[in-house]
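Okay, so here's the structure we're looking at.
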Amino acid sequence: MSIDATTPSGKDKPAGSILNDPKIRGIIYQAVTLLLLVAFIYWVAMNTSENLKRANIASGYGFLNGRAGFDVGQSLIAYSSDSTYGRALVVGFFNTILVAVAGIITATIIGFLVGIGRLSKNWLIAKLSMVYVEVFRNIPPLLVIFFWYSGVLAVLPQPKESVALPLNMYINNRGLAFPKPIFDSGSQFILLALVIAVIGSILFSRYANKKQAETGQRMPVLWTVLGLLIGLPLLTYFATGMPISFDVPVAGKFNLTGGSVVGPEFLSLFLALSFYTASFIAEIVRAGIRGVSHGQSEAAHALGVRPGLTTRLVVVPQAMRIIIPPLTSQYLNLTKNSSLAIAIGYSDLVSTGGTILNQTGQAIEIVSIWIVVYLTLSLSTSLIMNWFNAKMALVER
Amino acid sequence: MAKRILTALIGAAVMGIGAQAASATTLGDVKAKGFLQCGVNTGLTGFASPDASGNWSGFDVDYCKAIAAAIFGDPTKVKYTPTSAKDRFPALQSGEVDVLARNTTWTINRDTALGFNFRPVNYYDGQGFMVRKSLNVKSALELSGAAVCVQTGTTTELNLADYFKANNLQYNPVVFEKLEEVNAAYDAGRCDVYTTDQSGLYSLRLTLAAPDDHMILPEIISKEPLGPAVRQGDDQWFDIVSWVHYALVGAEDFGITQANVEEMKKSANPDIQRFLGVEADTKIGTDLGLENDWAVKIIKAVGNYGEVFDRNIGTGSPLKIERGLNALWSKGGIQYAPPVR
């Protein structure tokens, strides 16, 4: 083809066929792989729809508008058996989010405490933290869930012998019952006061930072913010004539009636996921803190910075850079592990989806919804954590 | 469960390759592999449960055995697939099991949209409630405010919602996927009420820690016709499964039992001769794709319908369920078989 000794075509051009060009070869390989993959997916999709047709199984997402007909134990949004399948899925979705968010927050707090505890100079705290990490990290999450669920069920009494807790709360083997706030007219002002307090706090701390940068004077940020966040809504509450009343749980024929109840299913799943994931987070935190060179804190001490401030302003910001990426994957794990809810009957996305799958027989559709939702949840968590990581990353000047 | 659904999906996707050969006749497939793959309950005393050495027995299991006997003349040529309420349908749809004999209610949705075929009803059931005697409840209408344990993915779950709504009662559903989990939760006092098909309640009560502390309420809130299900699109297989049931009922009608079936072959009654395939030049079995003495093989293997009922769930069993609607049509029930002719 282009091999012609008499017409040399420059030094940098290969003398052989374009097939010998590694760059072009690479592109060809990739194109062929992509083509094969697309063809395979197309074949699977066609085959599936063909087989569904042959087996007389209805397909499509139209069933989501049908009447669900079943009830769900715990729901964050209004839901009854007259609602649609789609709404039942949304109920499950919110329940998944609820347990994931609550679990992530608690796991982070426990994880940081235990992680720092392992580095403590106090022998007992360090050893207890180590035992905690080694125990929970080495048990499958499902067993941790069963441990909490069976523990909760076995230890707690029947509704008639409920254990009374402070603030009109009760606990029994049907869950934790607590007074439900009822918002009368005028309570919207309290919400407004809270919003104003939050905005005020943000503005104030910005102003304080700016002032410190200019003059070196530190203003009492913590106390001002606390005063704003608690004081302002409280003042409004009394000023508007105490518009919030409480629906207190009382003993009914079978269960406590009135108030709000969090079932043992949620409690045990939440506790299990929190404690399980916290053991991993603790190790990540410990690694992060250990990863900061000792010279950094020595330098801070040499400059006369107090130990507390050294930890807060020198060690932790640098440790966070090491902590955040693996922390992200722990958050993702916790969210995905929440699908183990099915074992104890907590109505999460997989559980309600499974019920719908069974009532309608739309296996492929439901599984595809599961995949899309978990994928979206995980990718969103990743995005948020990546943004946080970028914010925390070393700013090089 | 996830594994089953995955199998179903892969099955649905890949089935196409050998689809013509495989789905042409289920009977051919079953004969070729040498055994019947039967979908049963994971463990419901009296209907389907394995003993300590893994041998399955029960009312539904006897149907698996009867079908195997009709095909192979050998009731042991069955492999059992325990299925939960939730994964039973994907298991049948994907072809993982040949027939689903798993106290499954015949509904229009399952008959049409899910792609199954139901015909004979081997057990006429209805949904009931079980409570602790200590609650002093005498009727389901007094259950407002109760926590109710129920298995997810069942018609029971839907009937429950409808019944409480229609009677304007409040309740708090506690749902589990597996029967064992529902049992454990009810036994631990997580809920006040257990609801499922009444036959199931009788069976489950035996497994509780103190069976005598529990009672079954009188209300029956639904029709639950239970029967074997097969995939749509194979009429021959559908006919075989249906006629196995009719043969069991027919045998009881004729008074043919496991003990006297050989004698009955010599009966002068032409109906019985035809039924047992001893009539000259008969095609009573070959038309089904079986041998002419298929009914004899069934009765030898498991007995007639009455024997199957009594042995597993009736007076001869710990469950002691009355025949009720499941008595023969001639004895006040509605079990009825079309003529063998």
| said: Quick check on the stretch A:219-232. Is at least one of its residues over 28 Å from the mean Cα position of the chain (by Cα), β-branched (Val, Ile, Thr) and at pLDDT 85 or above? | reply: yes
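Test residue B:262 against the criterion of being assigned to a helix (DSSP H, G or I) and either over 24 Å from the mean Cα position of the chain (by Cα) or surrounded by fewer than 21 Cβ atoms within 10 Å (Cβ to Cβ) (or both), and give yes or no. Don't jump to the end; show me each part of the working.
Numbers: assigned to a helix (DSSP H, G or I): yes; either over 24 Å from the mean Cα position of the chain (by Cα) or surrounded by fewer than 21 Cβ atoms within 10 Å (Cβ to Cβ) (or both): yes.
The answer is yes for residue B:262.
With respect to residue A:204, is the statement that it is within 14 Å of chain B (Cβ to nearest Cβ), farther than 30 Å from residue A:185 by Cβ and surrounded by 12 or more Cβ atoms within 10 Å (Cβ to Cβ) true? Let's see the steps before the verdict.
Numbers: within 14 Å of chain B (Cβ to nearest Cβ): no; farther than 30 Å from residue A:185 by Cβ: yes; surrounded by 12 or more Cβ atoms within 10 Å (Cβ to Cβ): yes.
Taking the combined requirement at face value, the residue does not satisfy it.
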| message | Going residue by residue through the stretch A:152-175, is there one that turns out to be away from chain B (no Cβ under 14 Å), part of a helix (DSSP H, G or I) and either in contact with a helix residue (DSSP H, G or I) (Cβ under 6 Å, 6 or more places away or on another chain) or over 30 Å from residue A:271 (Cβ atoms) (or both)? | response | no
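Okay, residues lined up against (1) without any contact (Cβ under 8 Å) to a residue 24 or more places away in the chain; (2) more than 14 Å from chain B (Cβ to nearest Cβ):
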| position | (1), (2) |
| --- | --- |
| A:17 | yes, yes |
| A:20 | yes, yes |
| A:27 | yes, yes |
| A:42 | yes, no |
| A:48 | no, no |
| A:74 | no, no |
| A:78 | yes, yes |
| A:82 | yes, no |
| A:100 | no, yes |
| said: Give all pairs with beta carbons closer than 9 Å in which a residue from the stretch A:202-217 that is closer than 21 Å to residue A:229 by Cα meets a residue that is of a type in the set (Ser, Thr, Tyr); count only pairs at least 6 apart in sequence or on separate chains. | reply: A:204/A:224; A:205/A:224; A:208/A:224
| remark: Within the stretch B:152-169, of all residues that are at the interface with chain A (Cβ under 10 Å from one of its Cβ atoms) and not in a helix (DSSP H, G or I), the one nearest to the chain's Cα centre (by Cα) is B:154
| query | Failed condition for residue A:114, given (1) within 14 Å of chain B (Cβ to nearest Cβ); (2) more than 24 Å from residue A:264 (Cα to Cα); (3) under 27 Å from the mean Cα position of the chain (by Cα), with all others met? | reply | (1)
| How about the stretch B:136-150: which of its residues are touching a residue at least 40 places away in the same chain (Cβ under 8 Å) and either within 10 Å of chain A (Cβ to nearest Cβ) or in a loop (DSSP other than H, G, I, E, B) (or both)? | B:137, B:138, B:139, B:143, B:146, B:147, B:148, B:149, B:150
| task | Tell me, please, whether a residue that is surrounded by fewer than 21 Cβ atoms within 10 Å (Cβ to Cβ) and either farther than 28 Å from residue B:230 by Cβ or away from chain A (no Cβ under 13 Å) (or both) can be found in the stretch B:102-113. | result | yes
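In the stretch B:58-111, which residues are among the polar types (S, T, N, Q), outside any loop (DSSP other than H, G, I, E, B) and without any contact (Cβ under 8 Å) to a residue 24 or more places away in the chain?
Taking the stretch B:58-111 and keeping what is among the polar types (S, T, N, Q), we get B:76, B:81, B:83-84, B:93-94, B:103-105, B:107, B:109.
Narrowing the set further to residues that are outside any loop (DSSP other than H, G, I, E, B) leaves B:81, B:83, B:93, B:105, B:109.
Hit for the stretch B:58-111 is B:109, nothing else.
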| note | Restricted to the stretch B:164-200 and to residues being surrounded by fewer than 19 Cβ atoms within 10 Å (Cβ to Cβ) and over 20 Å from residue A:157 (Cα atoms), the residue modelled with the lowest pLDDT is B:180
| message | Show me the helices (runs of 4 or more DSSP H) entirely contained within the stretch A:313-397 in which 2 or more residues are closer than 29 Å to residue A:288 by Cα. | response | A:316-337, A:363-392
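One residue is enough: does the stretch A:269-283 have a residue meeting the conditions away from chain B (no Cβ under 14 Å) and under 28 Å from residue B:170 (Cα atoms)? Reasoning before the result, please.
First, pick out the residues of the stretch A:269-283 that are away from chain B (no Cβ under 14 Å): A:270-283.
Within this subset, residues satisfying the condition of being under 28 Å from residue B:170 (Cα atoms) are A:270.
Yes, that holds for at least one residue.
Being of a type in the set (A, V, I, L, M), within 14 Å of chain B (Cβ to nearest Cβ) and more than 30 Å from residue A:51 (Cα to Cα) is the filter; apply it to the stretch A:340-397 and report the residue that is surrounded by the fewest Cβ atoms within 10 Å (Cβ to Cβ). Steps first, please.
First, the residues of the stretch A:340-397 that are of a type in the set (A, V, I, L, M): A:340-344, A:349-350, A:356-357, A:363-364, A:366-367, A:369, A:371-373, A:375, A:377, A:379, A:383-385, A:390, A:392-395.
With within 14 Å of chain B (Cβ to nearest Cβ) added as a condition, the list becomes A:340-344, A:349-350, A:356-357, A:363-364, A:366-367, A:369, A:371.
The next check asks that each one be more than 30 Å from residue A:51 (Cα to Cα); those that pass are A:340-341, A:343-344.
Details: A:340: 20, A:341: 26, A:343: 18, A:344: 26.
Looking at residues that are of a type in the set (A, V, I, L, M), within 14 Å of chain B (Cβ to nearest Cβ) and more than 30 Å from residue A:51 (Cα to Cα), I get A:343.
Scan B:289, B:303, B:285 and give me the residue that is touching a helix residue (DSSP H, G or I) at 6+ places or on another chain (Cβ under 6 Å), at positive phi and not β-branched (Val, Ile, Thr). Write out each step before concluding.
On the way: B:303 fails: touching a helix residue (DSSP H, G or I) at 6+ places or on another chain (Cβ under 6 Å); B:285 fails: at positive phi.
The unique qualifying residue is B:289.
The values are calculated or read from the model by the stated rules, or taken from the named source; none is laboratory data. If you're wondering where the values come from, they're calculated on a predicted model, not measured in any experiment. Don't worry about glycine lacking a Cβ; one is built from the backbone with ideal geometry, like all the others, and counts go over all protein chains shown.
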